[in-house]
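Down below is the structure, laid out as structure tokens.
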Amino acid sequence: MNVCDSGKILHLFADQDYQLTSDSRSADLIVINTCSVREKPELKLFSALGRYIPLKRRRPELVIAVGGCVAQQWGDKLLERCPGLDVVFGTHQLDSLPQLVAAARLSRKPVSSTDFLARPGGLEVMARPTPAAVSAMVTIMQGCDNFCSYCIVPYVRGREYSRSSDAIIEEVRKLAEAGIKEVMLLGQNVNSYGLKASGEISFAELLGRIQEINGIERIRFTTSHPKDMSDELISAFAALSKLCPYLHLPLQAGSDAVLKRMGRGYTAASYLEKVEKLRRIVPEIALTTDIIVGFPGESEADFLQTLTMLKKVGYDQIYSFKYSVRPGTRAADYDDIVADEEKRDRLARCQALQDEISQAILLAQVGKIAEVLVTGPSKRGASEWSGRTPESRIVNFSAPTKIVVGDLCRVKVIEAYKHSLKGEVVADAGS
Ligand code: SAH
Ligand code: SF4
């Protein structure tokens, strides 16, 4: 989501004749887009500011802006804490950033704007697809009303707000006209899209309308909340040919006691039921998930249930984190803290098990033929191409015939590496 917001910021400033540079010493403007889901990214902001603010001694015209979740949380106080910082913009002010930068430049005084609005600004700004991109992200909603006990998102992104389906369809149409083949629909909890806006269509219906857009070959979305994974949405995986057999379904923990304290609204058994339903409809579906280890009160037995779930579900990949206390959340007041050493140990065990599972899944692909959407040359060298299967597995492959980015190729998988597959082209899809 932050990558998408950064794309929107690039778009806004490209319209103002700014150009992107990788050299911070020659920049007129540095925008830092932040995340505060865990503590570490917050610390990264302060070290980045420590590097960039001194650049103003040589270039007094340099303007430095900080946005995103950390900016939202700190507001004005960030300006006090970091003298030399010019602009603080909140998660609802993304579209006003050019004006805030201009105001700071003109007045030579720091400015801050972090109020929550009834309708978050920036939702209608299109993220600028990188040149030659085949895939683009489209924000369909912002904010979250779930208030999981560990999570800061509802506090820094505000209440859940869905964009109108017409605006989303229009944006996807424009992307298709610009050559985009794959769209990734984004929201903190896409399954509840439209439910709180009167007369709006459901998320599954939105997917159905995007399916009809010519030029779009693949549809993906993230993130889904297991409690809101409706039968209608599960059925969409079978009904919509462009909807990729891939789902990120954050589990967080395998123990019902921990899930309850997290306020997730499902049990391990009800999660598994949804996974089974999905697999009955789309047997090849690839699943990924998020895991938090060391949540307050998580015993060794609780943790082992998370490992059991990893084995039962068989995820392609997991994103796993040590629990990090977020000030102001309910869990910040929970006692029964798990020691950091224990968290580290659980994280390592969780990742070691997942490495084995991921490896087995990749190995099982060897010999199969996959449809690969070509995203560019492989990192290994110009003679190889790279792309993704519908299940989002990365395949690097050689091709004897001419290929261009955006092609859909039929590729035979010949080898499995740690995080990717190697293959060779069989023939173009459809030929
Ligand atoms: N809306 C998504 C997730 C948003 S945050 C969802 O409901 O799943 C992305 C991930 O960060 C979460 O899934 C969770 O695994 C992790 N996360 C959130 N708060 C955290 C915390 N306090 N400590 C550690 N990980 C956290
Ligand atoms: Fe955070 Fe829960 Fe909302 Fe996801 S659903 S953003 S974890 S509060």
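As a summary of the residue check, Val172 satisfies the conditions (1) of a type in the set (A, V, I, L, M, F, W, C); (2) in contact with a strand residue (DSSP E or B) (Cβ under 9 Å, 6 or more places away or on another chain); (3) under 20 Å from Val31 (Cβ atoms); (4) part of a helix (DSSP H, G or I) except for the one numbered (3). The single condition among (1) surrounded by fewer than 18 Cβ atoms within 10 Å (Cβ to Cβ); (2) touching a residue at least 12 places away in the same chain (Cβ under 8 Å); (3) within 11 Å of ligand 1 (Cβ to nearest atom) that Cys148 does not satisfy is (1).
Restricting attention to segment 21-38, which residues are assigned to a helix (DSSP H, G or I) and surrounded by fewer than 13 Cβ atoms within 10 Å (Cβ to Cβ)? Outline the logic, then answer.
So in segment 21-38, the residues assigned to a helix (DSSP H, G or I) come out as 24-26.
Listed by number, the residues that qualify are Arg25, Ser26.
Of everything in segment 151-179 that is surrounded by fewer than 18 Cβ atoms within 10 Å (Cβ to Cβ) and among the basic types (Lys, Arg), the residue that is nearest to Gln93 (Cα to Cα) is Arg159. Note on segment 219-247: residues that are over 22 Å from the mean Cα position of the chain (by Cα), in a loop (DSSP other than H, G, I, E, B) and among the small types (Gly, Ala, Ser) total 1. So, His225, is that one touching a helix residue (DSSP H, G or I) at 6+ places or on another chain (Cβ under 9 Å), within 16 Å of ligand 1 (Cβ to nearest atom) and closer than 30 Å to Gln305 by Cβ or not? Yes, satisfied. Screening Ile216 against (1) crowded, with 17+ Cβ neighbours inside 10 Å; (2) within 16 Å of ligand 2 (Cβ to nearest atom); (3) not in a helix (DSSP H, G or I) leaves a single unmet condition, (2). Can you find even one residue in segment 315-327 that is within 9 Å of ligand 1 (Cβ to nearest atom), closer than 30 Å to Gln365 by Cα, acidic (Asp, Glu) and modelled with pLDDT of 95 or more? No. Any residue in segment 125-144 that's assigned to a strand (DSSP E or B): show its pairings with residues that are of a type in the set (S, T, N, Q) and within 16 Å of ligand 2 (Cβ to nearest atom) at Cβ separation under 6 Å, as long as the two are six or more apart or on different chains. Taking only residues 6 or more apart or on different chains, the pairs are Met141/Ser162. Filter segment 175-196 down to the residues that are within 14 Å of ligand 1 (Cβ to nearest atom) and in a loop (DSSP other than H, G, I, E, B), then identify the one that is farthest from the chain's Cα centre (by Cα). Once the filter is applied, the top-ranked residue is Tyr193.
Checked against (1) within 16 Å of ligand 2 (Cβ to nearest atom); (2) part of a loop (DSSP other than H, G, I, E, B), Thr289 passes all but condition (2). Checking each residue in segment 279-323 for being within 13 Å of Ser149 (Cβ to Cβ) and surrounded by fewer than 18 Cβ atoms within 10 Å (Cβ to Cβ) picks out only Gly297.
Out of curiosity, is Tyr18 of a type outside the set (Lys, Arg), in a helix (DSSP H, G or I) and either farther than 25 Å from Val156 by Cα or modelled with pLDDT of 95 or more (or both)? No.
Looking across segment 141-185, just one residue is more than 14 Å from His225 (Cβ to Cβ) and touching a Cys at 6+ places or on another chain (Cβ under 6 Å), and that is Val156.
The values are calculated or read from the model by the stated rules, or taken from the named source; none is laboratory data. Quick caveat, the model's predicted, so the values are computed rather than measured. Backbone-built Cβ (ideal geometry, glycine too); neighbour counts: all protein chains shown.
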